[in-house]
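Structure first, then comments.
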Number of protein chains: 2
Amino acid sequence: MPRSTRRRPGPTHPATEEIDLLDVLHALADPTRMTIVRVLRAEPERACGTFPVDVAPSTLSHHFKVLRESGVITQREEANRRFSALRTADLEHRFPGLLDTVLAAYARTGPGATPDAP
Amino acid sequence: MPRSTRRRPGPTHPATEEIDLLDVLHALADPTRMTIVRVLRAEPERACGTFPVDVAPSTLSHHFKVLRESGVITQREEANRRFSALRTADLEHRFPGLLDTVLAAYARTGPGATPDAP
């Protein structure tokens with residue numbers, strides 16, 4: 001089989017009903033991972049090397065793995081690029097209101113916060 | 001000074017405006033600490049040795065420290081006992097809705113979950 005069409009096994013993801021709250025809280029409790037989640041909240045999908053984070057590739061790879069294995073994001077491969085997307089609907093189904101509450105709290109109090117926003 | 005009246009310095013706590021969301025998420029991302037928080041949600045204050053958790057005293061002491069230093073609980077000493085209380089109002093002021101959303105999600109999906117509850 002030519003190299004160009006050989007497939008690595010795709011990344012695995014927990015089923016929605018297997019997503020664990022404590023894993024999700026752990027995944028969100030990091031500034032780099034929170035940045036990734038905030039970016040993905042605003043667009044449907046993004047290639048992994050294009051996030052506005054300043055960490056080494058191996059560190060970034062670890063962060064994506066934590067986010068994926070906790071059920072926060074999905075990842076898929078296409079043309080040698082890996083795309084990530086937030087599991088917004090799955091998280092909302094499993095933990096109603098959690099993601100929006102956390103992101104709103106981070107927007108109000110995190111780096112670059114806009115505390116006067118409603 | 002007689003030993004019985006000598007005071008250790010009391011535990012320190014972050015001010016409300018210093019409570020960091022990522023620290024709080026990290027503090028909540030552990031089953032023992034989540035159990036402590038759930039117990040304290042239901043009563044104003046509780047002595048540290050009386051929580052229904054099955055961990056070594058040194059481990060439990062670490063968990064209380066993580067909860068206190070993140071701003072999730074306060075602790076005070078009285079008559080050689082240390083009492084803990086949830087910073088419910090401080091957390092609600094800093095991160096509106098967060099604690100209730102997390103605890104509701106854990107009640108629905110965590111150990112002993114009651115998924116049929118509204």
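The values are calculated or read from the model by the stated rules, or taken from the named source; none is laboratory data. Keep in mind it's a predicted model, so treat the numbers as computed, not measured. Please note: Cβ atoms are built from the backbone with ideal geometry, for glycine as well, and neighbour counts cover all protein chains shown.
The table for this structure:
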read-out: The range A:87-118 - residue that is within 11 Å of chain B (Cβ to nearest Cβ) and in a loop (DSSP other than H, G, I, E, B) and, of those, nearest to B:Leu22 (Cα to Cα); value: A:Gly110
read-out: Tabulated pairs, the range A:81-101, first modelled with pLDDT under 95, second part of a strand (DSSP E or B), C-beta under 6 angstrom, 6+ apart or interchain; value: A:Arg81/A:Ala47; A:Arg82/A:Gln75
read-out: Residues satisfying the stated conditions in the range A:20-54, i.e. facing chain B (nearest Cβ under 8 Å) and part of a loop (DSSP other than H, G, I, E, B); value: A:Asp20, A:Ala29, A:Asp30
read-out: Residue identified as over 24 Å from A:His93 (Cα atoms) and part of a helix (DSSP H, G or I) among B:Ser84, B:Ser61; value: B:Ser61
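Conditions (1) within 19 Å of A:Ala29 (Cβ to Cβ); (2) surrounded by fewer than 13 Cβ atoms within 10 Å (Cβ to Cβ), marked per residue:
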position: B:Glu43; (1), (2): no, yes
position: B:Cys48; (1), (2): no, no
position: B:Val55; (1), (2): no, no
position: B:Glu69; (1), (2): yes, no
position: B:Ala85; (1), (2): no, no
position: B:Arg94; (1), (2): yes, no
position: B:Val102; (1), (2): yes, no
